[in-house]
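Quick notes on the structure that follows.
The values are calculated or read from the model by the stated rules, or taken from the named source; none is laboratory data. Source: prediction; values computed, not measured. No Cβ is skipped: glycine too gets one built from the backbone with ideal geometry, and neighbour counts run over all protein chains shown. The accessibility values were calculated without ligands, DNA or RNA, using every heavy atom of the protein model including side chains. Shrake-Rupley method; radii C 1.70, N 1.55, O 1.52, S 1.80 Å.
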Amino acid sequence: MTPADFLLLAPVLFGALFWVATTVAVVRFMRSAGNPAPPEASAQAPPFVSLLKPVCGLEKRLYENLATACRQHYGAYEVIFAVQDPADPALPLLRRIRSDFPRTRIKIVVNDHRIGANGKVNNLYHAVEQAHGDIIAVSDSDMHLDPDYLGHLAAPFMDRRTGIVCALYQARQADNLYEALELLSYNADFVPALLFAYLSKSAVVCPGATMAIRREVLDAVGGLAPLADYFVEDFELGRRVTAAGHRIRLIAHNTGMSLDLASFGQWWRHQVYWDQNTKSVHGLGFFFTVLVRGVPFALLYALVGGPYGWAVPAASIGLRLLTGLANALALKDAAGARRIGLLPVRD
């Protein structure tokens, strides 16, 4: 075997080890992540929650997704839709939602004042100014929330050591090839890697697409204004909160994320965006992502005539499919995964 063969095999082996490690992380997390009872079930009064929904333009399924924020089985909450552009085409739809849900406390905040380069932080900054909640929850406009979402998100705050709570989210309902590719990269790559980083403590894990923070903790770390020029504001927020001695809690409540990609260019730009996210917060980790792309290196190994030939890519692809299936089953249906032996039965 030549040195070139070894160089091509190394990422194949690293990739295999990483896939197994992330699968173990998913199984361990889903096994042990029993969510606390919602605050309504405890003796303590449930905290008032301000649910912030940053909106920019019309997206596919926007009404359907935003309306789920107004159907929460949680008594003490308000919904704040935040828009930057006074001419945003989503504004009539937001007013329609406010009219359709008269029993829900709904505010629409429109403010185009920029405090920094990060558009999402600009949007949320003005929403926070109008929020009255003890807990500030944020979920992106493409998130489809279950009715018990706020209950699960608020429950871990019964522990005063908790500063931030984040929920898992997975892509759902792909309508074309590009969305199917996006769904695959989220559910089979991003989420397992996220859980691996969370359990191994190899990086700060604070996914801002669906999260909540205690208001007093947000104020203690300076609010959102210091984050306005950060490319990955949720990572920086998580870093500051943990540095201040508070905990980040990731819960197993799965939130659905809608997809809206109509072309290869849109899909590719989104992939590059995620790589830029990784590189900006964890340069060394970004470098090592190259070493866990086992399948392309396995194919290249076979094409250059490596000693084990096409058995290497066959084994690599087989392991990738097997671990991907195990991850999907464990994340989608923990009870079903236990029935087929992927997860141990709890005592």
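Gly133: touching a residue at least 12 places away in the same chain (Cβ under 8 Å), farther than 24 Å from Ile248 by Cβ, touching a Pro at 6+ places or on another chain (Cβ under 9 Å) and not polar (S, T, N, Q), yes or no? In short, no. Out of the residues in the stretch 297-314 that are part of a helix (DSSP H, G or I), out of contact with any Ser or Thr (no Cβ under 7 Å at 6 or more places or on another chain) and in contact (Cβ under 8 Å) with a residue 24 or more places away in the chain, state the one that is least open to solvent (accessible area, probe 1.4 Å). It comes out as Tyr301. Residue selection: Leu194 satisfies the criterion of being open to solvent by 20 Å² or more (accessible area, probe 1.4 Å), in contact with a Pro (Cβ under 8 Å, 6 or more places away or on another chain) and at pLDDT below 95.
There is no residue in the stretch 142-152 that is buried (at least 20 other Cβ atoms within 10 Å of the Cβ), at negative phi and among the charged types (D, E, K, R). Could you grab me the full set of residues in the stretch 185-214 that are in contact (Cβ under 8 Å) with a residue 24 or more places away in the chain and farther than 30 Å from Val49 by Cβ? Across the stretch 185-214, the qualifying residues are Ser185, Ala188, Ser200, Ser202. Scanning the stretch 227-242 for residues that are at pLDDT 95 or above, open to solvent by 50 Å² or more (accessible area, probe 1.4 Å) and either touching a Lys or Arg at 6+ places or on another chain (Cβ under 9 Å) or not charged (D, E, K, R) (or both) returns a single hit, Thr242.
Considering Gly223, Gly208, the condition of being under 17 Å from Lys120 (Cβ atoms), at pLDDT 95 or above and part of a loop (DSSP other than H, G, I, E, B) is satisfied by Gly223 alone.
Counting the residues of the stretch 1-29 that are open to solvent by 100 Å² or more (accessible area, probe 1.4 Å), of a type in the set (A, V, I, L, M) and either modelled with pLDDT of 90 or more or under 19 Å from the mean Cα position of the chain (by Cα) (or both) gives 2.
Inspect all residues belonging to the stretch 70-77 and state whether any of them is modelled with pLDDT of 95 or more, surrounded by 15 or more Cβ atoms within 10 Å (Cβ to Cβ) and over 30 Å from Asp175 (Cβ atoms). Among the residues of the stretch 70-77, at least one is modelled with pLDDT of 95 or more, surrounded by 15 or more Cβ atoms within 10 Å (Cβ to Cβ) and over 30 Å from Asp175 (Cβ atoms), which makes the answer yes. Any residue at all in the stretch 173-191 that is modelled with pLDDT of 90 or more, under 13 Å from the mean Cα position of the chain (by Cα) and outside any helix (DSSP H, G or I)? No: the stretch 173-191 contains no residue that is modelled with pLDDT of 90 or more, under 13 Å from the mean Cα position of the chain (by Cα) and outside any helix (DSSP H, G or I). Listed by first and then second residue, the pairs with beta-carbon distance under 8 Å, at least 6 apart or on different chains, first residue in the stretch 253-266 and within 21 Å of Met211 (Cα to Cα) and in contact (Cβ under 8 Å) with a residue 24 or more places away in the chain, second open to solvent by less than 20 Å² (accessible area, probe 1.4 Å) and of a type in the set (D, E, K, R), are Leu259/Glu179; Leu259/Glu182. When the criteria are applied in full, Gly238 meets the requirement of being within 27 Å of Phe157 (Cα to Cα), small (Gly, Ala, Ser), out of contact with any Leu (no Cβ under 9 Å at 6 or more places or on another chain) and not in a loop (DSSP other than H, G, I, E, B). Restricting attention to the stretch 77-91, the residues being of a type in the set (A, V, I, L, M) and part of a strand (DSSP E or B) number 4. Confirm whether Arg103 is more than 24 Å from Arg215 (Cα to Cα), outside any loop (DSSP other than H, G, I, E, B) and open to solvent by 50 Å² or more (accessible area, probe 1.4 Å). Against the criterion (more than 24 Å from Arg215 (Cα to Cα), outside any loop (DSSP other than H, G, I, E, B) and open to solvent by 50 Å² or more (accessible area, probe 1.4 Å)), Arg103 does not qualify. For the stretch 118-135, state whether one or more residues are within 11 Å of Thr210 (Cα to Cα) and open to solvent by 20 Å² or more (accessible area, probe 1.4 Å). There is no residue in the stretch 118-135 that is within 11 Å of Thr210 (Cα to Cα) and open to solvent by 20 Å² or more (accessible area, probe 1.4 Å).
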